Amino acid sequence: MKIKRVFLVVLDSMGIGQEPDAAEYGDGICNTLGSIAKSDRFSTKNLAKLGLFNIEGVECGEKVAAPLAAFARLRESSKGKDTTIGHWEIAGIYSASPLPTFPNGFPAPLLEKLEAAFGRKIICNKPYSGTAVIEDYGQQQLDTGALIVYTSADSVLQIAAHESMVSPEELYDYCRKAREILTGEWGVGRVIARPYEGEYPNFERTSRRHDFSMEPPANTMLDSLTKAGFDTIGVGKISDIFAARGVQKHIPINGNTDGMNQAIKCLQEDFTGLCFINLVDFDMKYGHRRDIDGYAQAMTDFDVQLEEFMEKMKDDDVLMITADHGCDPGAPGTDHTREYVPYLVYGKAIAAGTDLKTAPTFANISATVLDMFDLSIDTYGESFKAKICK
């Protein structure tokens, strides 16, 4: 059967168990799915029907006798456990070195260059929670006009400012300047604008966040599809992650529910190619904040929308569901966790119940997508098409 459209949904941070080298990344026992499955707010009957709990190594949940999807456990081969590295590997890039992180803050020479480019002083310069940093530094930012610069366990530099003092567009301009400076040993994966509003002590981040990512260092499936004349749609932060390269249409979203609603709307559009969707709330709102019940409820809510999505799929559509790393809300700390990720492939063209076992790289996803559109595989990874397509 000829495949017209692939919908690739990334459940941001929904890992399914620690990888063998997890200790090298500072992780002990970690299993995002295992942690949230213990919550009484976790109910994912549709993911179960697809075969989520049939995946090799998954010990929670109940296996089904006849999964509706092909399924696999994917191991991350790149060196890292962050959003950028994970998505790049999904799209066909192997990263031999992790992106730099700054657990002690950014070095003085870099701060000097940033302050000179901004024409403003910098305050904070520490790893921080995004909500806590505006509680602790938000009023100082308003009083002095300095910019709040902070990082996290990820390879990011974040800049926060009150919208009454620094407009979102001005903040974006500061981020663009920072992006130009942040290369080489300072080359973080993302520079993130974090505007906020309100009055002390009730500051709140606004929805006008924007990510400025490092451009992918090699060809991705998005590049290949675009070059071949196929449509590419990015829902959520996909365009940001790939520095807009290869993404022909960007659809911004406000949370997971809106993200799935937008994906469902895309089902009604006439296009041929890839719709690539990221649902970031799992990671940003629940994983990093170690909120097991919140994460579990978010998965339950996704599962409800998944049923609607599946019902509205056309015969020549394929749905893929995966993740980009783990962020176990039951693990210590607030960092991502080095985990395997699930891979579910569903549609009329897919041989239901095909067990693909464990594959060595996320990049098999990109190879499979390109193969489904009969394109040469010019990315890292090997295609599953021959095993899963009828």
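The values are calculated or read from the model by the stated rules, or taken from the named source; none is laboratory data. None of these values were measured; they are calculated from a predicted model. Note that we place each Cβ from the backbone using ideal geometry, even for glycine, and neighbour counts take in every protein chain shown.
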Criterion violated by residue 49 - all others in (1) part of a loop (DSSP other than H, G, I, E, B); (2) more than 23 Å from the chain's Cα centre (by Cα) satisfied: (1)
Which residues, taken from segment 28-39, are surrounded by fewer than 23 Cβ atoms within 10 Å (Cβ to Cβ) and under 14 Å from residue 333 (Cβ atoms)? 28, 29
Residue that is surrounded by the most Cβ atoms within 10 Å (Cβ to Cβ), among those in segment 338-390 that are touching a Gly at 6+ places or on another chain (Cβ under 6 Å) and of a type in the set (Phe, Trp, Tyr): 340
What's the number of the condition residue 170 fails, among (1) within 22 Å of residue 199 (Cβ to Cβ); (2) within 24 Å of the chain's Cα centre (by Cα); (3) of a type in the set (Asp, Glu)? (2)
Going through segment 311-337 one residue at a time, which ones are of a type in the set (Lys, Arg) and buried (at least 24 other Cβ atoms within 10 Å of the Cβ)? none
I need the full set of residues from segment 120-174 which are in a helix (DSSP H, G or I) and either among the charged types (D, E, K, R) or at pLDDT below 95 (or both), in order please. 130, 131, 132, 135, 136, 143, 169, 170, 173
Restricting attention to segment 84-119, which residues are surrounded by 19 or more Cβ atoms within 10 Å (Cβ to Cβ), in a loop (DSSP other than H, G, I, E, B) and among the polar types (S, T, N, Q)? 95
Within segment 138-166, residues touching a residue at least 24 places away in the same chain (Cβ under 8 Å) and hydroxyl-bearing (Ser, Thr, Tyr) come out as 150, 151, 152, 155, 164
Please specify each residue of segment 269-288 satisfying the condition of being of a type outside the set (S, T, N, Q), more than 17 Å from residue 34 (Cα to Cα) and not in a strand (DSSP E or B). 269, 270, 271, 280, 281, 284, 285
